[in-house]
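Handing you this structure, nothing more for now.
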Amino acid sequence: MISFNSNATLHGLQLHRIHLTPVRAANPFARSGFLGFPVLQSLFHSVQSGGSLSSTFMDVAKVAVTRAATHDSVAIRAEDKSYSFAHLVSSAWSISNLLHAKFSKTTEDGGKSENALGQVIDVNRFLNGARVGIVAKPSAEFVAGLLGTWLSGGVAVPLALSYPEAELLHVMNDSDVTMILSTPEHQELMKNVAAKCSAHFSLIPAVTSNSSEAGSHEHSENGVTDVISKLMGKFVDSKSSEGDDPALILYTSGTTGKPKGVVHTHRGIISQVQILTEAWEYTPSDQFLHCLPLHHVHGLFNALLAPLYAGSGVEFLPKFSVRGVWQRWRESYPREGSKSKDAITLFTGVPTMYTRLLQGYDAMDPDMKASSAFAANKLRLMMCGSSALPYPVMKQWEEITGHRLLERYGMTEFVMALANPLHGNRKGGTVGKPLPRLEVKIITEEESEKDGPAIGELCVRSPSLFKEYWKQPKVTAESFIDGGFFKTGDTVTVDDDGYYIILGRTNADIMKVGGYKLSALDIEAVLLEHEDILEVCVLGLPDKDYGEIVCAIVVPQEHAKKRAEKELKPVMTLEEFQSWAKKRLAPYKIPTKLILWDSLPRNAMGKVNKKEVKKLLVD
Ligand SMILES: Nc1ncnc2c1ncn2[C@@H]1O[C@H](COP(=O)(O)OP(=O)(O)OP(=O)(O)O)[C@@H](O)[C@H]1O
């Protein structure tokens, strides 16, 4: 067994912390271990860095929200509207009122509430850990729904928009949601689902945008004071909620079994957003272009909560569009020396997004190519993760945009753990080293310890580790080893420079072929170098002689399909494919079965569920 510790520097965060000490002392949010606090804190950060350090929470909050109301601090942009932090906080407050009206009645002493279960509880935590399902596209309403749930002592369960009704019902029933918050476009379906799982349903009130008249009125100086006083009143007298209280349940995609509810605490969330802010130096001058779903950690933490915590703006493209992304970058940096006011500085995506962006680029005329590549180059940072980034994609992206994508590794259970550096060598085919305050170790099998690099299961210990699998104490207990390390189920190795290489999910990507243990990801990376292959999925199929055989499902490039049509020949034969692979792969790694498909069945995060595909092929 070998273990590694992260020793990354902390200077960025220390500055931030020292700066905020006077505010935290007087701030009731600080005691509550509540993400609403860091969101407000990020406003204070920008106020203080402007030079006017105020001494009390009320002073700082007033200045901060007034600034936000004068458009200085845009938190969210979506569909040509912008929303300040003040708008989000004010909407969260309205949602909390709405939930309060539904779920509690104030007791005679006025300081306590009785919730729907007849429990007498503190007015500010009336939901008492009840689950609130949030079904909304990436929008200001989604963020307000999340904050409103936390303001009320609830546990947010963000749900996929793409789930069919049966899957939605599974998740809602499993997490025992008390309430579903949604938006008009999903009203019909969600009302139906709510009725079937005996939950209440409510629409999230539209968040007021900066441009609307109601918004400017609401956040006039008196309005601001009013919102702040209400929030203060709500928190000053509240008993602090413990940071270890559940805040969020995210459901896994189920690539390794039935979807499990992963419970994150307030403290874990705050730790994670601080770790990411520090590692990638998110600041209030950053603008994130966000095109990921919000029920997975990549879209929720890396591209929303951490940037909001850091005071960065987040612009939602509700649905990923190749044209939309390139266009937004070109608008940000129209020509040399010019940068738009809201220029995008940060982007993150899954590998298939970069593949599609490259296809879109190839289809552009030369002028458009030049302006697109120029604009992309101007962003501060581009990141990739959620599944393995194929080396050819990374290389081509760098040739065009000048950006070496920062690849990182994460999982629903601990959010992010390993990452290539912001400054320093980003190594293709690796996911870098442990993030600050993260510890990892590899549990090796006896025989692999003798020679060569350690290969085994990656285990992670982190302040951002989840608390438990919802209602699954046995599975939770089995997922940890001594000392609180979480067993990821991923097989990894580490190179001579300490960079980690993900070989894949032990039970889906690691194939046992005639005594060899092979990584499907390793073989996929090589096959993607074939000029006729657009996408590939490698998996092991059962075989009575070898245990498993290597099967490759290939999606051909358009040009290969057109050529095949013209020549009235198959796009690729197994013989041609194998003779190409022979020069690049050891004989036992060469696929012995080739299947050609038009596309691969990918989930919202661009992942192929290999277990499902295997079932299709074997049954
Ligand atoms: N950069 C990366 N390279 C290779 N694999 C990655 C990378 N980032 C994430 N992964 C894979 O994604 C997994 C985490 O994804 P997630 O938490 O969404 O689980 P899932 O596989 O989709 O679902 P389930 O937990 O139900 O199996 C990791 O365990 C790892 O296998």
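Based on C-alpha coordinates, I'd like the Rg and Dmax of the range 358-425, in Å.
Rg and Dmax of the range 358-425, Cα atoms, are 13.9, 45 Å.
Moving to a separate point now. How charged is the neighbourhood of Ser371? Take every other residue with its Cβ under 9 Å from the Cβ of Ser371, and add Lys/Arg as +1 and Asp/Glu as -1.
+2
In square nanometres, what is the average projected area of the Cα convex hull of the range 122-164?
2.9 nm²
Right, here's the next one. Per residue Cα convex hull volume for the range 423-538, in cubic angstrom?
For the range 423-538, the hull spanned by Cα atoms encloses 170 Å³ per residue.
Give the peptides 453-462, 488-497 in descending order of average Cβ contacts within 10 Å, highest first.
Going by the mean number of other Cβ atoms within 10 Å, highest first, we get 453-462, 488-497.
Quote the relative contact order of the range 515-619 in percent (integer), defining contacts as alpha-carbon pairs under 8 Å separated by 6+ residues.
Normalised by residue count, the contact order of the range 515-619 is 27 percent.
Using amide H atoms built in the peptide plane, which far-off residues or other-chain residues are under 5 Å from Ser84 H to H?
Ala75, Asn210
Could you order peptides 384-395, 80-91 by the average number of other Cβ atoms within 10 Å of their residues, highest first?
Final packing ranking: 80-91, 384-395.
Right, here's the next one. Quick check on the exposure proxy: order Tyr499, Tyr282 from fewest to most C-beta atoms within 10 angstrom.
The order, fewest Cβ neighbours first, is Tyr499, Tyr282.
What ranking of Lys607, Lys474, Lys517, Lys544 emerges when the number of other C-beta atoms within 10 Å of each C-beta is taken as an exposure proxy, fewest first?
By the 10 Å Cβ count, ascending: Lys544, Lys474, Lys517, Lys607.
Here's another thing I want to ask about it. Once you charge only the Cβ atoms, +1 for Lys and Arg and -1 for Asp and Glu, what is the size of the charge dipole of the range 526-619 about its Cα centre, to the nearest 20 debye?
For the range 526-619, the charge dipole is close to 180 debye.
Under 37 °C and 0.692 mPa s, how fast does the range 555-619 diffuse according to Stokes-Einstein, given a Kirkwood radius computed over C-alpha pairs? Answer in µm²/s, whole number.
Once the numbers are plugged in, D ends up at 234 µm²/s.
Could you tally the net charge around Ile590, taking each other residue with its Cβ under 12 Å from the Cβ of Ile590, Lys/Arg +1 and Asp/Glu -1?
Combined, the nearby Lys, Arg, Asp and Glu give +4.
Sort 283-290, 371-378 for me by packing, meaning the mean count of neighbouring Cβ atoms within 10 Å per residue, highest on top.
Put in order of decreasing packing, that is 283-290, 371-378.
Right, next: Using the Karplus curve 6.51 cos²θ - 1.76 cosθ + 1.60 with θ = phi - 60°, work out ³J(HN,Hα) for each residue of the range 461-477 in order, rounded to whole Hz, and write x for Gly and Pro.
So the J values, rounded to whole Hz, are 10, 7, x, 9, 4, 5, 7, 5, 7, 4, 6, 10, x, 5, 4, 4, 4.
Working from the pairwise distances between different alpha carbons, so that the mean of 1/r is found and then inverted, what is the range 333-454's Kirkwood radius in Å?
In the range 333-454 this quantity evaluates to 16.4 Å.
Taking R0 as 60 Å, what's the FRET efficiency between Glu399 and Ala195 from their Cβ-Cβ distance, rounded to 0.05?
Taking R0 as 60 Å, the efficiency between Glu399 and Ala195 is 0.65.
Hey, another quick one. Would you mind ranking Glu141, Glu567, Glu185, Glu407 by Cβ crowding within 10 Å, fewest neighbours first?
Least to most surrounded, the residues fall as Glu567, Glu185, Glu407, Glu141.
Read-outs throughout are calculated quantities, based only on the coordinates presented, and are distinct from any laboratory measurement. For clarity, every value in this text was computed on a predicted model and none was experimentally measured. When we count neighbours, we look across all protein chains shown, and the Cβ atoms used for this are built from the backbone with ideal geometry, even at glycine.
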